[in-house]
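**Student:** My structure is below; once you've seen it, I'll send some questions.
The values are calculated or read from the model by the stated rules, or taken from the named source; none is laboratory data. Just so you know, these numbers come straight off a predicted model, no measurement behind them. FYI the Cβ positions are ideal-geometry reconstructions off the backbone, even for glycines, and counts take in every protein chain you see.
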Amino acid sequence: MFDRDTWQEIFATMQKHKLRTALTALGVFWGIFMLIFVLGMGKGLENGVIRNFGDRAKNVMYIWTTRTSLPYQGFQPGRSPQLKLSDIHAIKDNIPEVAYIAPRLSLPQTIAAAGDKSERYEIRGELGDMIRIEALKVYAGRYINDRDVEECRKMAVIGTRVRDVLYGKDADCIGKAIRIRGVEFTVAGVFGPSQLKPWNEDDQEAIVIPLPTMHRAFAAGGDVDYFVCSSAPNVLVSEVEPKVKALLRQRHHVAPNDPQGIGGFNLEEEFQQFRNLFTGIKAFLWFVGIGTLLAGIVGVSNIMLIIVKERTREIGLRKALGATPRSIISMILTESVFITALSGYLGLLAGTLVVGGLNYIMVANEMDSENFYNPQVNLTIGVSAMILLVIAGAIAGLIPAMNASRVNPVLALKDE
């Protein structure tokens, strides 16, 4: 394969038939280029959709109550059960598969004041687990912790816009007082969404206080609007969801077969649906890319057959002078693999540069698409494609090489 004379002959043949060689290489180049390009674009689409989920935990579910639709244990349909903080404790005590559970009770449009400034904001009563589940970031100070909850402390964590309005933009407000409905709290921290999305803009204009403190200070009666919970490691939240709903139905006298009463949203299922969707998209893109690549490989095989036919007299003369079938096969295979490998490498390089260049342009110009982000080429895929290409090039040249090795020297010398 590394014989100098063989390579000189290969280059001489390619030099003699420049157009034919270029068109043959173009088919392989375009095949590998399209494979890398469509996979890179598919990855960008997948990254964009996954980014829309934010940094929040994916293996979580949201639970709330709705109106019942069936009578049960003397209760009429149409009533709305009220979640309580005691339900949260019951879930923690009876369902060990739950890792974190974060209830929330909201007081919308409540006056909060600091100094001579006041504004209406959403007041949220929470436990410390909320920040472990939702995509929230503490910009200063700290979040609500377990000690705040246990001791019913009058601590508050304020959104970034709350800070800007009541204390001044980027002001140091940690330890300062904030009044909510006339009750004074101490600012423990400033928080906001880690990634700003349309659905989490309200986090910037919210004030979080310990849930038991809210119950005591504002006579909320132990109520909870909804809660979020995540499952333990290696446990799907879809396996935990039936247990949680069954416990709540039992505690609130909701019929086990009632489709209403206890509502919820399983983020893990939606996330998995997107995963399955992109698995199908990837399979389709691989099918299209490999199909295009194989078309180029078939073109190489056809060209090699033509080359063998054109060089019949030459091959016959070689065999008459003592060339072995192995040397003939090696010569044809080397040319086939060289054309496919070189054009494939150039296609791989071009595809990578185009995908990388597109990503660079988007970053440099701060172009942010909601459903497209960070297109990239997987190194493993690129290496696998090159290995596949070399194997395909060898296979493409194998049939023409075998035909060449079987040429009868006497008949070949008579060929016109």
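**Student:** Would you point out which residue out of Leu358, Leu349 is surrounded by 16 or more Cβ atoms within 10 Å (Cβ to Cβ), at pLDDT 75 or above and either within 33 Å of the chain's Cα centre (by Cα) or of a type in the set (Lys, Arg) (or both)?
**Tutor:** When all the criteria are applied, what remains is Leu358.
**Student:** A follow-up question, please. Which pairs turn up if I take residues in the stretch 218-244 that are within 17 Å of Pro108 (Cβ to Cβ) and look for partners that are at pLDDT 85 or above and small (Gly, Ala, Ser) with beta carbon separation below 6 Å, at least 6 apart in sequence or on another chain?
**Tutor:** Going by the 6 Å Cβ cut-off, the qualifying pairs are Asp225/Ser106.
**Student:** Ala283 passes all but one of (1) surrounded by fewer than 18 Cβ atoms within 10 Å (Cβ to Cβ); (2) more than 30 Å from Tyr62 (Cβ to Cβ); (3) at pLDDT below 70; which number fails?
**Tutor:** In the conditions (1) surrounded by fewer than 18 Cβ atoms within 10 Å (Cβ to Cβ); (2) more than 30 Å from Tyr62 (Cβ to Cβ); (3) at pLDDT below 70, Ala283 misses (3) alone.
**Student:** Follow-up question, since we're still on this one. Quick check, is Tyr143 under 19 Å from Leu211 (Cα atoms), in contact with an Asp or Glu (Cβ under 8 Å, 6 or more places away or on another chain) and surrounded by 15 or more Cβ atoms within 10 Å (Cβ to Cβ)?
**Tutor:** It is false that Tyr143 is under 19 Å from Leu211 (Cα atoms), in contact with an Asp or Glu (Cβ under 8 Å, 6 or more places away or on another chain) and surrounded by 15 or more Cβ atoms within 10 Å (Cβ to Cβ).
**Student:** Ok, one more. Could you check how many residues of the stretch 253-280 are without any contact (Cβ under 8 Å) to a residue 12 or more places away in the chain and either crowded, with 18+ Cβ neighbours inside 10 Å or among the aliphatic types (A, V, I, L, M) (or both)?
**Tutor:** Count: 1.
**Student:** From the list Arg181, Arg161, pick out the single residue that is touching an Asp or Glu at 6+ places or on another chain (Cβ under 7 Å) and of a type in the set (Lys, Arg).
**Tutor:** Within the list Arg181, Arg161, the selection yields Arg161.
**Student:** When you scan the stretch 16-135 for helices (runs of 4 or more DSSP H) that lie fully inside it, which ones turn up with 2 or more residues that are among the acidic types (Asp, Glu)?
**Tutor:** In the stretch 16-135, 85-94 are the helices (runs of 4 or more DSSP H) which contain 2 or more residues that are among the acidic types (Asp, Glu).
**Student:** Okay, next question. Look through the stretch 182-204, keep the residues that are within 21 Å of Pro103 (Cβ to Cβ) and at pLDDT 90 or above, and return whichever of them is nearest to the chain's Cα centre (by Cα).
**Tutor:** Taking the candidates together, the pick is Phe191.
**Student:** Can you find, within the stretch 141-172, the residue that is modelled with the lowest pLDDT among those that are hydrophobic (A, V, I, L, M, F, W, C) and either more than 12 Å from Tyr121 (Cβ to Cβ) or under 33 Å from the mean Cα position of the chain (by Cα) (or both)?
**Tutor:** Ala171
**Student:** Of the numbered conditions (1) assigned to a helix (DSSP H, G or I); (2) within 21 Å of Asn47 (Cβ to Cβ); (3) at pLDDT 75 or above; (4) not charged (D, E, K, R), Val363 satisfies every one except a single condition; which is it?
**Tutor:** Going through (1) assigned to a helix (DSSP H, G or I); (2) within 21 Å of Asn47 (Cβ to Cβ); (3) at pLDDT 75 or above; (4) not charged (D, E, K, R) one by one, Val363 breaks only (3).
Residue by residue, here is whether (1) under 18 Å from Gly125 (Cβ atoms); (2) touching a helix residue (DSSP H, G or I) at 6+ places or on another chain (Cβ under 8 Å) holds:
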position: Val183; (1), (2): yes, yes
position: Thr186; (1), (2): yes, no
position: Gly192; (1), (2): no, yes
position: Glu205; (1), (2): yes, yes
position: Val208; (1), (2): yes, yes
position: Gly221; (1), (2): yes, yes
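**Student:** Restricting the first residue to the stretch 149-178 and requiring it to be over 12 Å from Ala113 (Cα atoms) and in the same structural domain as Ala217 (by TED's automatic domain parsing), which pairs with a second residue that is surrounded by 18 or more Cβ atoms within 10 Å (Cβ to Cβ) and hydroxyl-bearing (Ser, Thr, Tyr) meet a Cβ separation below 7 Å and a spacing of at least six or different chains?
**Tutor:** Cys152/Thr213; Arg153/Thr213; Lys154/Thr213; Val157/Tyr143; Cys173/Tyr167
**Student:** Report yes if Thr312 is closer than 28 Å to Lys18 by Cβ, touching a helix residue (DSSP H, G or I) at 6+ places or on another chain (Cβ under 7 Å) and at pLDDT 75 or above, otherwise no.
**Tutor:** Spelling it out, it is not the case that Thr312 is closer than 28 Å to Lys18 by Cβ, touching a helix residue (DSSP H, G or I) at 6+ places or on another chain (Cβ under 7 Å) and at pLDDT 75 or above.
**Student:** Looking only at the stretch 251-267, how many residues end up being more than 35 Å from the chain's Cα centre (by Cα) and not in a loop (DSSP other than H, G, I, E, B)?
**Tutor:** 1
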